[in-house]
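Structure provided below as structure tokens; questions to follow.
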């Protein structure tokens, strides 16, 4: 029989588009776990997750590319909320709201420069929830 461990935490993304590195927080939450699979999920219709290098300007590059791909001032049918909110609802179609990662010895099995980031372009919701689910293997 499989047992699933779960945890939740909040992330402040502020009132402007943001890429927030949540790797250290996730690592702290799973430090006592062994080997298995970790599912990371943001239960929001306007946020996503990604694996990427951080601290080298990539965060700003990602937001710039998202702005070019999904311009906030384009005419969206989904038009309530602040300007650009229609594009916010398209974000999870490009950046999934979930990731599944291997955990080995209680540590995320990431590449040298990989970090887990929460991407949020919705300025109407400054706090996001992150849900973790782990199954030992």
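Every read-out reported here was derived from the displayed coordinates using simple, explicitly stated rules and does not represent laboratory data. These figures come from a predicted structure and were not determined experimentally. Neighbour counts run over all protein chains shown; Cβ positions are idealised from the backbone, glycine included.
What order do you get for 30-37, 130-137 when each peptide is scored by the mean count of other beta carbon atoms within 10 Å, highest first?
The packing order, highest mean first, is 130-137, 30-37.
Computed from the coordinates I sent, Rg and Dmax of the Cα atoms in Å equals one of [x] 15.8, 51; [y] 16.5, 50; [z] 14.5, 43. Tell me the label.
Calculated Rg and Dmax of the Cα atoms in Å: the matching label is [x].
What is the angle, in °, between the Cα long axis of helix 58-69 and the longest principal axis of the Cα atoms in the chain? Nearest 10 is fine, range 0 to 90.
Relative to the chain, helix 58-69 is tipped by roughly 40 degrees.
Remind me, relative contact order of the chain in percent, using alpha carbon pairs under 8 angstrom and six or more residues apart?
Relative contact order for the chain comes out at 54 percent.
With r as the distance between the Cβ atoms of residue 80 and residue 39 and R0 = 35 Å, compute the FRET efficiency 1/(1 + (r/R0)^6) and round to 0.05.
0.70
Further question on the same structure: Go through 116-128, 4-16 and give me the packing order, highest mean Cβ count within 10 Å leading.
Highest to lowest by the protection proxy: 116-128, 4-16.
Then there is this: Do you know the relative contact order of the stretch 57-136, to the nearest whole percent, from alpha carbon pairs under 8 angstrom that are 6+ apart?
Result for the stretch 57-136 is 21 percent.
In a GNM of the chain with a 10 Å cut-off on Cα contacts, which of 115, 50, 79 has the highest mean-square fluctuation?
Looking only at 115, 50, 79, the largest GNM fluctuation is found for 79.
Can I ask one more? Which three lengths, in whole Å and largest first, does the stretch 5-45 cover when its Cα atoms are put on their principal axes?
Reported extents, whole Å, longest axis first: 37, 21, 13.
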